[in-house]
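Enquirer: Here it is: the structure, laid out below.
Here, each number is a calculation from the coordinates, and none is a lab measurement. Quantities reported herein were computed from a predicted structural model and do not represent experimental measurements. As a convention, Cβ positions derive from the backbone with ideal geometry for all residues, glycine included, and neighbour counts pool all protein chains shown.
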Amino acid sequence: MDKTNIVARTGNEAMAEAMRQINPDVVAAYPITPATEVVQIFAGYVADGLVKTEFVPVESEHSAMSACIGSAAAGGRTMTGTSSQGLALMAEMLYIAAGLRLPIVMADVNRALSSPINIHCDHSDTMMVKESGWIQIFSENCQEAYDNMLQAIRIAEKAKLPVMVTTDGFIISHGMERLEILSDADAKAFVGEYKPEYYLLNFEKPITVGALDLTDYYFEHKRQQIEAIKDSKQIILDVAGEFGAKFGREYGLFEKYKMDGAEIVIVAMGSTAGTAKVVVDGLRSKGVKAGLVKPRIFRPFPKEELAESLKGMKAIAVMDRSDSMNAQEGPLALEIKAALYDAPAGSCRTVLSYIYGLGGREIKLEDIELVYNDLSEASKGKAKPKVSYLGVRE
């Protein structure tokens, strides 16, 4: 491994840098806050001749994903970026990209969905398309955003599935942090060359893409897609293992933080996990047996592995930066409760759901301390609300 370059970068710059090192064949995109910079910076790389990418500026996000589908179907290594309403406008084409098994990689900067109009972070956009068939990877900080992008292209091309790598809007996308960048040679060697097995421009092996698929075969084809998503868990782990062996930064399906001996635990994704770690450190210094589990992969959801990691807990809180609109709990909480329901007898059944941070509302240390205090009381049998809205003026 060559020497890494330590720099100060924002999350958007980190993702654009990873894209430069990947050097995709095609990037098609339409700007939207707070993801605009990712492809704007990359467009600069194209203009300066630093990549060989064909950059396609389109008239909408729907068109961006349509162009990506055409590129990927033709055999090109393909990437894009978007956020919020842009992801919503892409939604129709996201299902098509996944159903056609096209390995497109997207930089998705999490932002609230309108209405009312809001440009700040929550996870409602990503959660809106959680069933679209895309692998979803969440990043806690700039370093993870960069590393996840490099791994995502390998995962997508091995699994033959599209991947979105998410960061929290403004919190990560515009926040400057310390970043270790691989040398171009190391990044290129890790990513490797893309050699698609099937593509439209391979005239030796002609294929049909986008055929009409009615009652006779549709179900079977969707079943294959479902199995591919399940199988992608091992691909994600294999790619992460190789990345860790080469570059020393370990990744998995989720991260366990100070879980040895823990009795009360928070489950949280994205940048909030970093804030929660500070709270856990403080509580541990006071003798409180607090821990944290940070899911990195939301799709495919690692239900068995997460249930195992939460075994023996006295009380669990799941923090969602989006709401299921009266589906009882937040989307992550619903997944965790389903995983625990299917787990062996004796698994924790005290699971509290906290909705927080909608529209970019700040999550503070004292807010997370309050959650751990609730968990401590719940673990001793005190009744607590099953769903709480953290930091809202009721």
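Enquirer: Of 245, 288, 198, whose Cα points farthest to the positive end of the dipole of the stretch 194-329 (charges on the beta-carbon: +1 Lys, Arg; -1 Asp, Glu; origin at the Cα centre)?
Expert: With unit charges placed on the Cβ atoms, the residue in question is 288.
Enquirer: If the only charges are +1 at each Lys and Arg Cβ and -1 at each Asp and Glu Cβ, what is the size of the charge dipole of the stretch 16-96 around the Cα centre, to the nearest 20 debye? Don't skip to the end; give the middle numbers.
Expert: Details: 3 positive and 8 negative charges, 36 e Å.
Around 180 debye, computed over the stretch 16-96.
Enquirer: Okay, moving on. In angstroms, what radius of gyration and Dmax does the stretch 144-230 have, counting Cα atoms only?
Expert: 18.1, 54
Enquirer: While we're looking at this one, here's another question. Looking only at the stretch 154-185, which residues have a backbone nitrogen under 14 Å from a spot 7 Å from the Cα of residue 95 in the C-beta direction?
Expert: In the stretch 154-185, the label zone of residue 95 (backbone N under 14 Å from the point 7 Å along Cα→Cβ) covers no residue.
Enquirer: What order do you get for 1, 90 when you list them from fewest to most C-beta neighbours inside 10 Å?
Expert: Details: 1 12, 90 26.
Ordered from fewest to most neighbouring Cβ atoms within 10 Å, 1, 90 come out as 1, 90.
Enquirer: Once you have the Cα-Cα distance between residue 328 and residue 74, take 0.36 nm times their residue separation minus that, and quote the gain in nm to one decimal.
Expert: Net length gain for the segment: 87.1 nm.
Enquirer: Give, in nm to one decimal, the length gained when the segment between residue 185 and residue 249 is fully stretched (0.36 nm per residue of separation minus the Cα-Cα distance).
Expert: 21.3 nm
Enquirer: Can you tell me the length gained on complete extension of the stretch residue 226 to residue 341, counting 0.36 nm per residue apart and subtracting the Cα distance?
Expert: That works out to 39.2 nm of additional length.
Enquirer: Between the stretch 360-393 and the stretch 266-339, what is the separation of their alpha carbon centroids in Å?
Expert: For the stretch 360-393 versus the stretch 266-339, the Cα centre distance is 13 Å.
Enquirer: Next question. Rg/Rh for the stretch 1-43: what does it come to with C-alpha atoms and Rh from Kirkwood?
Expert: 1.03
Enquirer: Using a Gaussian network model of the chain whose springs link C-alpha atoms within less than 10 Å, name the residue from 131, 157, 140 with the highest mean-square fluctuation.
Expert: Looking only at 131, 157, 140, the largest GNM fluctuation is found for 131.
Enquirer: Once you have a ≥ b ≥ c as the square roots of the Cα gyration tensor eigenvalues for the stretch 320-394, tell me rounded if a/c is under 1.5, and otherwise prolate or oblate according to whether a/b is larger than b/c.
Expert: oblate
Enquirer: If you don't mind, another one. Per-residue ellipticity at 222 nm for the chain, helices alone: DSSP H runs ≥ 4 residues times -39500 (n - 2.57), over residue total, nearest 500 deg cm²/dmol? Don't skip to the end; give the middle numbers.
Expert: Working: 12 runs with 162 residues, N = 394.
-13000 deg cm²/dmol, from helical runs alone.
Enquirer: Placing unit charges on C-beta atoms (Lys and Arg positive, Asp and Glu negative, everything else neutral), compute the dipole magnitude of the stretch 191-272 about its Cα centre in debye, rounded to 20.
Expert: Value, rounded to 20: 200 debye.
Enquirer: Quick one: net charge around residue 379, please, counting Lys, Arg +1 and Asp, Glu -1 for every other residue with C-beta under 9 Å from its C-beta.
Expert: +1
Enquirer: Let me ask something else. Provide Rg over Rh for the stretch 1-90; use the alpha carbon set for both Rg and the Kirkwood Rh (inverse mean inverse pair distance).
Expert: 0.99
Enquirer: Taking amide H atoms as placed 1.01 Å from N in the peptide plane, list the residues 5 or more away in sequence, or in a different chain, whose amide H sits under 5 Å from that of residue 28.
Expert: HN-HN under 5 Å from residue 28: 56, 79.
Enquirer: Hey, another quick one. Given a cut-off of 23 Å, name the pairs among 3/246; 195/294; 130/311; 233/386; 188/277; 205/233 whose C-alpha atoms lie farther apart than that in the structure shown.
Expert: Violating the 23 Å limit, Cα to Cα: 195/294; 130/311; 233/386; 188/277; 205/233.
Enquirer: Please turn the phi angles of the stretch 233-249 into ³J(HN,Hα) values with the Karplus equation 6.51 cos²θ - 1.76 cosθ + 1.60 (θ = phi - 60°), one per residue in order, whole Hz, x for glycine and proline.
Expert: Each residue's phi maps through the Karplus curve to give 4, 5, 4, 4, 5, 5, 5, 5, x, 5, 4, x, 5, 7, 10, x, 10 Hz.
Enquirer: Another question, then. Antiparallel as a % of all DSSP beta bridges within the stretch 254-390, to the nearest 5?
Expert: Details: 4 of 22 bridges.
Close to 20 percent.
Enquirer: A further question follows. Work out the length of the dipole vector of the chain about its Cα centre, built from +1 on the beta-carbon of each Lys and Arg and -1 on the beta-carbon of each Asp and Glu, and round it to the nearest 20 debye. Display every interim value, and only then the final one.
Expert: On the way: 43 positive and 53 negative charges, 215 e Å.
So the magnitude is around 1040 debye.
Enquirer: What is the packing order of peptides 373-380, 215-222, 62-69, taking the mean over residues of other C-beta atoms within 10 Å and listing the highest first?
Expert: Going from most to least packed, we get 62-69, 373-380, 215-222.
Enquirer: What percentages, rounded to whole numbers, describe P(r) for the stretch 184-268 computed over all alpha carbon pairs with 5 Å bin width beginning at zero?
Expert: 3, 9, 11, 13, 15, 15, 12, 10, 7, 4, 2, 1
Enquirer: Same structure, new question: Would you please name the GluC sites (Glu not before Pro) within the stretch 243-321 that are DSSP coil residues with at most 14 other C-beta atoms within 10 Å of their C-beta?
Expert: Loop-located and lightly packed - 250.
Enquirer: May I pose another question? Once a ≥ b ≥ c are taken as the square roots of the eigenvalues of the Cα gyration tensor of the stretch 71-197, is the result rounded (a/c under 1.5), prolate (a/b larger than b/c) or oblate (a/b not larger than b/c)?
Expert: It comes out oblate by the Cα gyration axes.
Enquirer: State, to one decimal in nm, how far the label point of residue 284 lies from the label point of residue 219, with both points 7 Å from Cα in the Cβ direction.
Expert: 5.1 nm
Enquirer: Moving on to the next point. Note down the net charge around residue 71, summing +1 for each Lys or Arg and -1 for each Asp or Glu among other residues with Cβ under 9 Å from its Cβ.
Expert: My count for the surroundings of residue 71 gives -1.
Enquirer: Let me ask you something else. Taking the dipole about the Cα centre of the chain, with the C-beta of Lys and Arg at +1 and of Asp and Glu at -1, give me whichever of 270, 67, 28 is farthest to the positive side.
Expert: Projecting each Cα onto the dipole axis, the largest value belongs to 270.
Enquirer: Taking the convex hull of the alpha carbon atoms in the chain, what volume per residue do you get, in Å³? Spell out each step's value before the answer.
Expert: On the way: hull volume 59.5 nm³, N = 394.
In the chain, the Cα convex hull volume per residue is 151 Å³.
Enquirer: What does the charge add up to near residue 220, with Lys and Arg as +1, Asp and Glu as -1, over the other residues with Cβ less than 13 Å from its Cβ?
Expert: Values: positive: 222, 223; negative: 213, 216, 227.
Here the charged neighbours net out to -1.
Enquirer: When a/c is below 1.5 the answer is rounded, else prolate if a/b is larger than b/c, else oblate, so apply that to the stretch 254-390 with a ≥ b ≥ c taken from the square roots of the Cα gyration tensor eigenvalues.
Expert: Rounded, because the longest to shortest axis ratio a/c is under 1.5.
Enquirer: Here is a follow-up. Once both labels are modelled 7 Å past Cα along the beta-carbon direction, what's the residue 386-residue 260 spacing in nm?
Expert: Here the answer is 3.7 nm between the modelled labels.
Enquirer: For 55, 138, 301, what's the fewest-to-most ordering of other Cβ within 10 Å of each Cβ?
Expert: Listed from fewest to most nearby Cβ atoms, that is 55, 301, 138.
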